Every structure is written in structure tokens, then in C-alpha cells.
Amino acid sequence: MKHIEVYLKGIIVGIIIWATASGSKVFAQGETFKAEDAVTVSLLTCAPHQEIYSLYGHTAIRYKNIKTGEDWAFNYGVFNFNKPFFIIRFTLGKTDYELGVVPFSIFKKEYRKYGSQVIEQVLNLTAEEKEFLYNALKHNCLPENRTYRYNFLYDNCTTRARDIIEKCVNGRIIYADNSYLTTYRDIIHSFTKRHPWAAFGNDLCLGMKADNKTTQREQQFIPEFLMHDFDRAQIYTTEGAYRPLVKERNIVVMPGVQTINRDFPLTPLQIATAMLAITFSVTLMEYRRKRTFKIFDITLMMLQGLAGIVMALLFFSEHPTTSANLQLLLLNPMPLFFIPSVIKGEKNTYWTITIVLATIFLIGATFQDYAEGMELLAIILMTRCIIHRYMTYETKKKK
């Protein structure tokens with residue numbers, strides 16, 4: 001999914017070239033053209049590259065007219081990372097993406113630079129369908145129409161391309177059944193194998209709904225999946241005839257050498273394991289000395305509470321797969337409110353509440369696939385609860 005800077009430049013250049021070539025007002029409502037055999041419309045599927053936002057690939061639509069010299073890439077993946085409060089808005093599911101259009105030569109040059117293969121599927125459309133699709137894309141490019149509320153799983157650059165193609169076909173597209181049942185989470189994992197921290201972040205945000213089995217159509221949010229489905233799809237026309245959706249398949253950008261940025265050297269599981277070992281060591285020392293170390297508890301509660309603030313925001317997010325998230329049982333802002341009483345050494349109900357929540361969390365693992373290392377965090381918290389209950393018992397016994 002391309003960065004906004006590239007496409008803003010492309011949009012400006014594209015509009016100037018388009019206006020000059022056509023000699024008419026660009027994106028004017030109701031504008032049409034005479035569709036001829038020289039016109040081709042294609043689905044472009046781009047392989048992932050090293051940028052984190054491209055891990056799942058990208059989809060665009062190409063319109064080419066040999067007679068007029070027009071050759072455009074329509075892309076529903078334009079976003080502005082520098083927009084104020086982008087991260088917060090993205091977390092809350094309030095991210096707006098746009099449809100951009102650039103000369104195909106610019107689009108191709110960018111992916112060649114990244115070393116990403118781009119596959120073109122030339123669509124087997126009639127002249128009327130090509131005209132309908134072209135005008136629909138131009139209509140979507142109008143300032144009042146180009147923006148949409150982005151959702152990674154349900155409404156992204158790939159599903160938008162699929163939907164507008166389906167609407168412009170004189171009939172309907174029938175996809176061959178892939179009979180491949182899997183979950184959103186498993187699909188995401190297949191693309192983040194070499195990026196454990198990206199997988200961790202995704203798993204932390206996604207709730208129980210991400211573990212439901214998906215339909216074939218739901219799986220088409222991934223560019224590669226949609227490409228394979230298009231290969232086997234048929235157009236069932238209003239006259240009752242069938243024809244293949246894809247006329248031919250070409251590689252328009254050959255795969256090149258990619259530079260893979262290394263993640264943090266330690267994986268989330270390794271860090272969680274180290275934290276567990278430290279917790280056991282500290283707890284053993286506390287048991288021998290018959291007193292707890294407040295600084296260790298305060299540090300743990302601070303980390304837990306700060307991460308919990310982000311998780312609490314996700315609970316109110318517009319993303320439908322983030323609200324029902326059992327990981328909120330462990331990561332929530334509650335510990336921050338109990339830190340003062342821990343510092344003062346007062347009798348604290350926090351430990352009782354935490355061990356109950358941690359127990360429910362571990363039981364919930366049968367319903368939700370947690371982020372790597374989260375079960376170890378539950379054991380860490382339960383260990384702290386047990387030592388505090390033990391110390392309380394010892395104090396009462398002495399009295």
C-alpha cells in the first residue's frame with residue numbers, strides 16, 4: 001500500500017497529462033469515451049516489499065488506451081501518514097484512505113525500485129463494461145467521492161478494486177469454490193512469519209472475531225487471494241452465457257532484490273520468557289527474605305497499565321474485530337489506579353482481582369488465539385498475586 005507522497009506527486013502529474021492529452025475537463029461528471037479494442041483494463045497485484053505497510057501486498061486497477069496514449073493506475077491505497085493524530089485515528093478505526101490515479105509508468109517504477117513483482121490480469125470485459133468501469137473510476141476520483149473509511153479486513157484497497165469491477169460487469173462474477181476454511185488471524189500469520197513483532201502487534205489488537213472461520217469472499221481482502229480467485233472466475237452474463245473473467249496474465253514488473261529490514265533481535269516470546277525467569281528469581285528472593293520488593297511490582301504495574309490504555313482505546317475502536325478482546329483482562333488501565341496503595345504498603349484488593357482476571361484469561365485461550373507470550377504474562381501476574389497472598393498470610397500468622 002503506497003505512501004501518500006508518491007501518489008500526491010503522481011496525481012498532480014497525472015491530472016496535467018490527462019488534461020493535456022484529452023483536451024477536456026478531467027473527471028467531469030458524465031464524461032464518456034468510445035471504447036475500442038485498443039482499450040484494456042487490468043487488475044494489478046503487487047508482491048510485498050520491506051515497508052511494514054506492504055507486508056500483505058497491494059492491488060490496483062490499470063486502464064490503458066493505446067489509441068489515446070492513456071495508461072493509468074487507479075489505487076485505493078492512498079493515505080497520509082503525516083496527517084495529525086494519524087496513529088490515534090488509525091487505532092480508533094477512523095483512518096481515511098483515498099482513490100488516487102497516477103501514470104502507470106510511475107506506478108511501475110516504484111515497485112521496480114522496491115524489487116516487488118507486479119502481476120497484471122487483463123480482464124475479459126466488453127467495450128461497454130470497460131467504458132462503464134472507466135467512468136466509475138473517474139467518478140470515484142472526484143474530491144467528494146475519493147475518500148473512504150478504511151478497514152484492513154473488510155474495506156481496503158483490494159476489496160474496493162474487486163467491488164467496483166463486480167459492479168461494472170454486465171451480469172455477475174462467479175468464483176470457483178476454493179473450499180479453504182481459515183481465520184483472519186491465520187491468514188495474517190502467513191504473511192508475518194518473518195516479522196514476529198508485526199505478528200505480535202496484530203494479535204494484540206485482534207479479538208475473538210479474528211478467530212472465526214472466514215468465507216472465500218472474506219479472504220479476498222488479501223491481494224494474492226483475490227488474484228487467484230480472479231484466475232478461476234467466470235462472468236455469467238445477463239444473456240445466460242459464461243466467459244472467463246481474466247483474458248491473459250502478464251508479469252509487468254519482474255521480481256528484484258529486496259532489502260529485508262531486521263526486526264528487534266529478540267522475539268516477543270523470548271522477552272516474555274526472560275520476564276518470567278526474572279519474576280521467578282525475584283519471587284524466590286522475596287520468599288526467603290519474607291518481604292516483597294515494591295519497585296518490582298510498581299514497574300510491572302506501570303508497564304501493564306500503560307499498555308492497557310492502548311488496549312482500552314481499541315475497545316472503543318470502529319474496527320469490528322478489536323472490541324471483543326480477552327487480552328483486555330490482563331492489559332487494562334486498572335493497575336495504574338492501585339500503584340499509590342502499593343507504594344504505601346496498604347492492604348490491596350488489586351492482587352485478588354488480578355488473579356481472578358488472569359485465571360479467566362487462561363481459560364479464554366480456548367476461545368481466542370493470544371499474542372505470543374501473553375500466557376506467560378498471565379503466569380507472571382499470578383506468581384505476583386500468590387507471593388502477596390502468602391506474605392499477607394505470614395503477617396496475620398505472626399499477629
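The values are calculated or read from the model by the stated rules, or taken from the named source; none is laboratory data. The structure displayed is predicted, hence computed values, not measured ones. All Cβ positions, glycine included, derive from the backbone under ideal geometry; neighbour counts span all protein chains shown. Note: accessible area is taken over every heavy atom of the protein model, side chains too, but ligands, DNA and RNA are not part of it. Shrake-Rupley method; radii C 1.70, N 1.55, O 1.52, S 1.80 Å.
Between the Cα long axis of helix 196-205 and the first principal axis of the chain there is an angle of about 80°, rounded to the nearest 10. Residue separation of Ala312 and Arg149 scaled by 0.36 nm, minus their Cα-Cα distance, works out to 56.5 nm of gained length. Toward the positive end of the charge dipole of the chain, with +1 on the Cβ of Lys and Arg and -1 on the Cβ of Asp and Glu, the farthest Cα among Pro255, Ala38, Cys205 is that of Cys205. For Ser179, the accessible area of its heavy atoms, probed at 1.4 Å with every protein chain present, is near 90 square angstrom.
Using the 1.4 Å probe convention, the accessible area of the chain works out to 50 Å² per residue with neighbouring protein chains retained. Mean residue ellipticity, 222 nm, helices only, the chain: the sum of -39500 (n - 2.57) across DSSP H runs of n ≥ 4, divided by residue count and rounded to 500, is -15000 deg cm²/dmol. Comparing Leu330, Leu300, Leu153 in a Gaussian network model of the chain, where Cα atoms under 10 Å apart are tied by springs, the biggest mean-square fluctuation is seen for Leu300. Against the chain, whose longest principal axis comes from its Cα atoms, helix 268-289 is set at around 10 degrees. The apolar share of the surface of the chain, taken as the fraction of accessible area on carbon and sulfur atoms (1.4 Å probe, ligands and nucleic acids excluded), comes to 62 percent. Cross-linked pairs Lys347/Lys397; Lys109/Lys167; Lys290/Lys396: Cα-Cα separations exceed 22 Å for Lys109/Lys167.
In the context of the full protein assembly, Asp177 retains an accessible surface of approximately 110 Å², using a probe radius of 1.4 Å and ignoring ligands and nucleic acids.
Helix 350-363 and the long axis of the chain differ in direction by around 50°, with both axes built from C-alpha atoms.
Relative contact order for the chain: what is it in percent, counting Cα pairs under 8 Å that are at least 6 residues apart? This gives 17 percent for the chain.
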